[in-house]
Structure formats: structure tokens, C-alpha cells
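Participant: Got a structure for you, written out below as C-alpha cells; questions coming shortly.
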Amino acid sequence: AALALDNGLARTPPMGWLHWERFLCATDCAAEPRRCVSEQLFVEMADRMAAEGWRDAGYEFICIDDCWMAPTRDKQGRLQADPKRFPGGIRKLADYVHSKGLKLGIYSDVGSKTCAGFPGSYNHYDLDAQTFASWGVDLLKFDGCNSESLELLAEGYRRMSVALNRTGRSIVYSCEWPFYLRPVQQPNYTEIKQYCNHWRNFYDVYDSWSSIKSILDWTALHQDTIVKIAGPGGWNDPDMALVIGNFGLSWDQSVTQMAMWAIMAAPLFMSNDLRHISPEAKWLLQNKEVIAINQDPLGKQGYQLSKDKNFQLWERPLSDRAYAVAVLNQQEIGGPQKFTFSLTFLGNGLACNPACTIRQVLPASRDCGVYSWMSSLSVEVNPTGTVLLKV
């Protein structure tokens, strides 16, 4: 059987918009018509993505998360959308999304029920894959709640991968497999990459600095295990949702999330309200230089090089012998601080040998000049902020 590794998809980390974290499981359209997980919400977001530069910046998927379903399957055993909230059905919504030059993602679960208690795909993998393909779905986020055992969890992820490929439709496969394994056993990332296009490793991202910080700390702690497996066709997902443009992050913390998700070669799925987003957040999320780092065709994930008190130095190898470098200041008190590092640290000593040009990408773009191999570089970084460089 064909495996996800062979589906030719996710050659770079996928980009798009996702309703979960911002809209959660809001299902009362009478009380909250603008927040409700409904056909109207996705139509309005698709309109904004097409008209306001998001699609052109690379955000191509618009993704439905949990809580889209009716409480039961139909008489033929197929999943069905809630008829009140999705009166036209998913096929009609997919056609509309495609008409805007975008792709539609959907959500299901490997277990008997989704995390929110709607029907899961257990014992229906082939039928659900065929249903999604018949609707014109382009991505499946497959959660891991309510599976009776780790064996059934793994079997379900494998079977859905094979089932999606059997449909003959190109469907990106987003797994939560390692996240549900980790409390009990070390995930086999080589196997997971055979079946999945990207896979989540850590808890749901929240609209808070503590959440972003915990994801970065976990990634650095486990980088020896996870960095080497990432590459074209399969990506580590630190939880894909970019919460920039919401309520919980300061400007510097928003810069940090954008910069570090680019360094980590993470899928970039915004979860915000594109109908109400500040010009600053829009500039950051649509920043072409940062997106180019995230989407670099070499497909190498970045890693932490060093940690010195409150400062972290990260690098990511890029194509054309370039490197992305991030300096993160985790201190949460006081003012901006300087961090100085030797350029001989970068790229195993090769990034600036014998010389290199350095450009600052974030928090504002500027050319820093030409440096020799033996030079040092000093950057000033705000508390909880990041300076992103291209060398």
C-alpha cells in the first residue's frame, strides 16, 4: 500500500488557517453567530484569505477542527456535518473554498469519539476517507482521543493513511500520533513519517506566553530525537496554531512565535479572526522574509545551539549555504539586553567562512553588513523577544 511518505505532499511545511484555538467548540449560532463553528465562519474567512493577501503570502488551507459534525452518522454510516450550522454540507463549502484558490481541511479522530464527543473514525477508516475525498477535502487533521489502547491508536493512524491514499485524492495527513504515545513510550518517528505528513508532539497551544515558552523548551529538550526526522514530506508540529493577532501575546512575544516557528520548520496555521486583525499582526504574519525561511526548500529543521542564562541561540540551515539564526531573550523582567556571540559558532564554523553578509529579518528588517569568520555579533533583544537573522 502507498504510504504518506509517497503522497508527494507537504514538500514544505503546510500553511493556512485553523478554527481551533480562537473559536474552540462554539456551536450555539443563535447566541454567538460571529463565533459559531459554521459554514458562515469558513466562508467569511475564505473571503478574507483571498482578498487580503493571505493566500498570496502562502496560507492556502482553511481548516475545520473539532465540532463540525452532527451528533450521529447518517443511515449509511457516513459522517455528516451538523445540518443547522452547515446547511449546504461540506461538499458545497469545499467548492466555495476551491473557487477562492484555497484548499479545505477537515478534522476527525482515530478513536470512537472526537475529543469533543462527536463521532470518531474507529472502525470507519475506509468509509471516512472515501467520504472526505468525495467532498473534495484537501487535508485531514486526525486526533487521538478515545482510543482504547496504544495498539489500536497506532493501527488506526496506519489504516487511515492507507485509506486516504486509496482514494486517489491528494489529502495532506496531519497526525497527533506521537503526542498520545509520549506519556507511555518513545515514539518511533521513522515509522510515523512513513504514514503522516506532519505530526504533533506537544500540548495544544494556548493564547499565552507560558504556552509558547513551554513549547520552545520542550522542543529544545527533545531536539536530538525530533530534528533529524523532519524534512520534505514530513514535519514536526509543535502545535501548528499561530495565535498572533489574538489577546495573550505582547508584540515581542508575537515576534518570537513567528520567528521560532520559522526556525522549527513548523506548519504555519493561524488561529485568529481575520475579520478583526491589527495591521501590525497582519504585517508579521505575512512577512515574506520570515515565510521564506519557514518554507525553505532544503527542508532542514532548526535547533538550539547554545543557552546562556536567559539567552538562547538557535540556527537553521537553509538552501544556498545560508542560515537562519534566532536570538531569544527569555527574561521577563527589566529592559532590552545585549547578547554577543562569535560567528564561528554558526554552521559548524562554515556559515561565515571566510566571510558572510548578515541581514536582520525581525523585529524589523535591515542589512547588518559583511562580517569575517572571526567576528562577533552583538544584538539587542527585548524581554521575551527574538531577533531573527539571515546569514
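Participant: Using beta carbons and a limit of 8 Å, which pairs, at least six apart or on different chains, have the first residue in the stretch 269-283 and within 22 Å of P14 (Cα to Cα) and the second one of a type in the set (S, T, Y)?
Facilitator: M270/Y59; A281/S254
Participant: Still on this model: Out of curiosity, is A265 touching a strand residue (DSSP E or B) at 6+ places or on another chain (Cβ under 7 Å) and assigned to a loop (DSSP other than H, G, I, E, B)?
Facilitator: When the stated conditions are applied, A265 passes them.
Participant: A further question follows. Looking at (1) over 21 Å from the mean Cα position of the chain (by Cα); (2) surrounded by 16 or more Cβ atoms within 10 Å (Cβ to Cβ), find the lone condition where D66 falls short.
Facilitator: (1)
Participant: Would you call L388 of a type outside the set (S, T, Y) and in contact with a helix residue (DSSP H, G or I) (Cβ under 6 Å, 6 or more places away or on another chain)?
Facilitator: yes
Participant: With the checklist (1) open to solvent by 50 Å² or more (accessible area, probe 1.4 Å); (2) under 24 Å from L127 (Cβ atoms); (3) in a helix (DSSP H, G or I) in hand, flag the one item A163 doesn't pass.
Facilitator: Result: A163 fails condition (1) only.
Participant: Turning to a different aspect of this structure: Confirm whether I277 is over 30 Å from E44 (Cβ atoms), in a loop (DSSP other than H, G, I, E, B) and β-branched (V, I, T).
Facilitator: no
This table checks each residue for (1) open to solvent by 70 Å² or more (accessible area, probe 1.4 Å); (2) over 29 Å from the mean Cα position of the chain (by Cα); (3) farther than 20 Å from L298 by Cβ; (4) not acidic (D, E).
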site: L328; (1), (2), (3), (4): no, no, yes, yes
site: Q331; (1), (2), (3), (4): no, no, yes, yes
site: T340; (1), (2), (3), (4): yes, yes, yes, yes
site: L343; (1), (2), (3), (4): no, yes, yes, yes
site: G349; (1), (2), (3), (4): no, yes, no, yes
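Participant: Related question: On the basis of being part of a helix (DSSP H, G or I) and not aliphatic (A, V, I, L, M), does Q185 make the cut?
Facilitator: The answer is no for Q185.
Participant: Right, another one. Please specify each residue of the stretch 138-149 satisfying the condition of being modelled with pLDDT of 95 or more and over 18 Å from the mean Cα position of the chain (by Cα). Lay out the reasoning, then the answer.
Facilitator: From the stretch 138-149, those modelled with pLDDT of 95 or more are 138-147, 149; that's our starting set.
Within the stretch 138-149, C145, N146, S147, S149 qualify.
Participant: Would you call G8 touching a strand residue (DSSP E or B) at 6+ places or on another chain (Cβ under 6 Å), touching a residue at least 60 places away in the same chain (Cβ under 8 Å) and under 29 Å from P232 (Cα atoms)?
Facilitator: no
Participant: Could you say whether any residue in the stretch 190-199 is without any contact (Cβ under 8 Å) to a residue 60 or more places away in the chain, in a helix (DSSP H, G or I) and not charged (D, E, K, R)?
Facilitator: Yes, there is a match, as at least one residue in the stretch 190-199 is without any contact (Cβ under 8 Å) to a residue 60 or more places away in the chain, in a helix (DSSP H, G or I) and not charged (D, E, K, R).
Participant: While we're here: Condition check: closer than 20 Å to L221 by Cβ and under 29 Å from the mean Cα position of the chain (by Cα). Does G302 satisfy that?
Facilitator: The answer is yes for G302.
Participant: Okay, moving on. Among what's in the stretch 35-59 and is without any contact (Cβ under 8 Å) to a residue 60 or more places away in the chain and open to solvent by 70 Å² or more (accessible area, probe 1.4 Å), pick the residue that is nearest to F86 (Cα to Cα).
Facilitator: Only one residue tops the list, namely Q40.
Participant: Of the residues R78, R34, R91, which single one is charged (D, E, K, R), over 22 Å from the mean Cα position of the chain (by Cα), in the same structural domain as E280 (by the TED database) and outside any loop (DSSP other than H, G, I, E, B)?
Facilitator: Answer to the selection: R91.
Participant: May I pose another question? Would you confirm whether any residue within the stretch 182-189 is of a type in the set (V, I, T) and either more than 28 Å from V137 (Cα to Cα) or out of contact with any helix residue (DSSP H, G or I) (no Cβ under 8 Å at 6 or more places or on another chain) (or both)? Lay out the reasoning, then the answer.
Facilitator: So the first thing to find is which residues in the stretch 182-189 are of a type in the set (V, I, T), and the list is 184.
From the residues that got through so far, the ones that are either more than 28 Å from V137 (Cα to Cα) or out of contact with any helix residue (DSSP H, G or I) (no Cβ under 8 Å at 6 or more places or on another chain) (or both) too are 184.
Yes: the stretch 182-189 contains one or more residues that are of a type in the set (V, I, T) and either more than 28 Å from V137 (Cα to Cα) or out of contact with any helix residue (DSSP H, G or I) (no Cβ under 8 Å at 6 or more places or on another chain) (or both).
Participant: Exactly one condition in (1) open to solvent by 50 Å² or more (accessible area, probe 1.4 Å); (2) in the same structural domain as M45 (by the TED database); (3) not in a loop (DSSP other than H, G, I, E, B) is not met by T357; state its number.
Facilitator: Tallying (1) open to solvent by 50 Å² or more (accessible area, probe 1.4 Å); (2) in the same structural domain as M45 (by the TED database); (3) not in a loop (DSSP other than H, G, I, E, B), T357 fails exactly one: (2).
Participant: Any residue at all in the stretch 230-251 that's surrounded by fewer than 21 Cβ atoms within 10 Å (Cβ to Cβ) and touching a strand residue (DSSP E or B) at 6+ places or on another chain (Cβ under 9 Å)?
Facilitator: No, every residue in the stretch 230-251 fails to be surrounded by fewer than 21 Cβ atoms within 10 Å (Cβ to Cβ) and touching a strand residue (DSSP E or B) at 6+ places or on another chain (Cβ under 9 Å).
Participant: Here is a follow-up. Are any residues in the stretch 292-321 open to solvent by 10 Å² or more (accessible area, probe 1.4 Å) and either over 18 Å from V227 (Cβ atoms) or of a type in the set (D, E) (or both), and if so, which ones?
Facilitator: A292, D296, D308, K309, N310, F311, D320, R321
The values are calculated or read from the model by the stated rules, or taken from the named source; none is laboratory data. Because the structure is predicted, anything quoted here is derived from the model rather than measured. Please note: Cβ atoms are built from the backbone with ideal geometry, for glycine as well, and neighbour counts cover all protein chains shown. Note: areas computed on protein heavy atoms with side chains; ligands, DNA, RNA excluded. Shrake-Rupley method; radii C 1.70, N 1.55, O 1.52, S 1.80 Å.
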